[in-house]
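Each remark here refers to the structure printed beneath this line.
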Amino acid sequence: MKLVLDAKAKLGEGAIWHPTEKKLYWVDIEAAELHFYDPATKKDTRYPVVGKVGTVVPVKGGGVLLAVQNSIYKMNTGTGKLTLVMQPVNDALVRFNDGKADPVGRFWVGTMAYDTKAGAAALYCMDKDKSFHQVINNITISNGIAWSSDKKTMYYVDTPTLAVQAFDYEERTGRISNGRIAFRMPASMEGSPDGMTIDAEDKLWIALWGGSAILRADPATGEVLARVEVPALNVTSLAFGGSNLKTLYITTAREWLTPEQLEQHPNSGGIFCFKPCVQGVPVNFYTGDL
């Protein structure tokens, strides 16, 4: 496990690898910033955003979608200019959190209450025609999301459940059904599931908030295949990147740590990397109208 950027992020999140730019995109939610990290130059570029930015998704044709507080924006990544796409959530007590594009190019994004009130959040989908609809309600902290290589299963994390749900996923319509538990955190293991990605063998990689680790899990059996320690208490998201998608980049958080915890984990808020013995899969782009 290597520290690649001592970012001291308040709440680093939303890691994705941009395949043509060969950069790691990530957000600092609490600092209201979008970051681009270039491993070749070791340069990290930051753009201010208008509020707490939960996630970033690349757009086919250029730019990115950002879920910011209760609105969706498009950013020109060359200039940093923001354009409001829509403000679909009217509840001022919640904000957007994690999200990704699905294999067809729809934008999925969930919410959480600022006070993490149980059941106050939801998972939404913005289709390619910009229609926006709620998919799951009664969520508490909407987090990691991923799709299987055959495009028939969607995996999803509501953090306080300490589990990963699986849903049958219909590629043509985006409908999900038949929710069930694919993986449950072992009682003996510390931490709560946060961000998530999937590898080329259809195994899940899960960041553990409060667990100082990432996990590799088999959603078919519910088995923990590997646990890799991260030198930060709150591990938030992860994404395969680099040459042939063989490097796993990991974001962490620094906010809310006590002086004692910071002394124990001084690189909290940094970006780390690790080379597992498996490749990742390319990020999905949003391919709809804007």
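The values are calculated or read from the model by the stated rules, or taken from the named source; none is laboratory data. Since we're looking at a predicted model, the values are computed, not measured. Backbone-built Cβ (ideal geometry, glycine too); neighbour counts: all protein chains shown.
Annotations for the structure displayed:
- The residues of region 257-290 that are within 12 Å of PRO231 (Cβ to Cβ) and among the hydroxyl-bearing types (Ser, Thr, Tyr) amount to a single one, SER268.
- Scanning region 241-256 for residues that are basic (Lys, Arg) and either farther than 15 Å from PRO231 by Cα or assigned to a strand (DSSP E or B) (or both) gives a single hit, LYS246.
- Residues that are under 23 Å from LEU11 (Cα atoms) and part of a loop (DSSP other than H, G, I, E, B), drawn from region 40-75: LYS42, VAL49, VAL50, GLY51, LYS52, GLY63, GLN69, ASN70
- In region 225-284, the residue that is surrounded by the fewest Cβ atoms within 10 Å (Cβ to Cβ) out of those that are among the hydroxyl-bearing types (Ser, Thr, Tyr), modelled with pLDDT of 95 or more and over 17 Å from GLY210 (Cβ atoms) is THR247.
- Test: residue in region 223-233 that is in contact (Cβ under 8 Å) with a residue 60 or more places away in the chain and either part of a strand (DSSP E or B) or under 30 Å from GLY61 (Cα atoms) (or both): yes
- One residue alone among ASP150, ASP91 is under 26 Å from GLY179 (Cβ atoms), surrounded by fewer than 16 Cβ atoms within 10 Å (Cβ to Cβ) and modelled with pLDDT under 95, and that residue is ASP91.
- In region 146-164, the residues that are in contact with a Leu (Cβ under 8 Å, 6 or more places away or on another chain) and either under 18 Å from PHE285 (Cα atoms) or in contact (Cβ under 8 Å) with a residue 60 or more places away in the chain (or both): ALA146, TYR155
- Selection status of THR83, in a loop (DSSP other than H, G, I, E, B) and farther than 22 Å from GLY174 by Cα: no
- From the list VAL64, VAL56, the lone residue that is among the aliphatic types (A, V, I, L, M), closer than 22 Å to ILE250 by Cβ and in contact (Cβ under 8 Å) with a residue 40 or more places away in the chain is VAL56.
- Residue within region 270-286 that is at positive phi and in a loop (DSSP other than H, G, I, E, B) present: no
- Test: residue in region 124-131 that is in contact with a helix residue (DSSP H, G or I) (Cβ under 6 Å, 6 or more places away or on another chain) and either at pLDDT 95 or above or surrounded by 13 or more Cβ atoms within 10 Å (Cβ to Cβ) (or both): no
- Leading residue by the ranking (surrounded by the fewest Cβ atoms within 10 Å (Cβ to Cβ)) among those in region 45-71 that are hydrophobic (A, V, I, L, M, F, W, C), over 20 Å from THR287 (Cα atoms) and touching a Leu at 6+ places or on another chain (Cβ under 6 Å): VAL49
- Check on SER188, more than 23 Å from ASP102 (Cβ to Cβ) and modelled with pLDDT under 95: yes
- Members of region 101-124 that are within 21 Å of ALA239 (Cβ to Cβ) and out of contact with any Ser or Thr (no Cβ under 7 Å at 6 or more places or on another chain): ALA101, ASP102, PRO103, VAL104, ARG106, PHE107, TRP108
- Selection from region 99-121 of residues that are aliphatic (A, V, I, L, M), crowded, with 21+ Cβ neighbours inside 10 Å and in contact (Cβ under 8 Å) with a residue 40 or more places away in the chain: ALA101, VAL109
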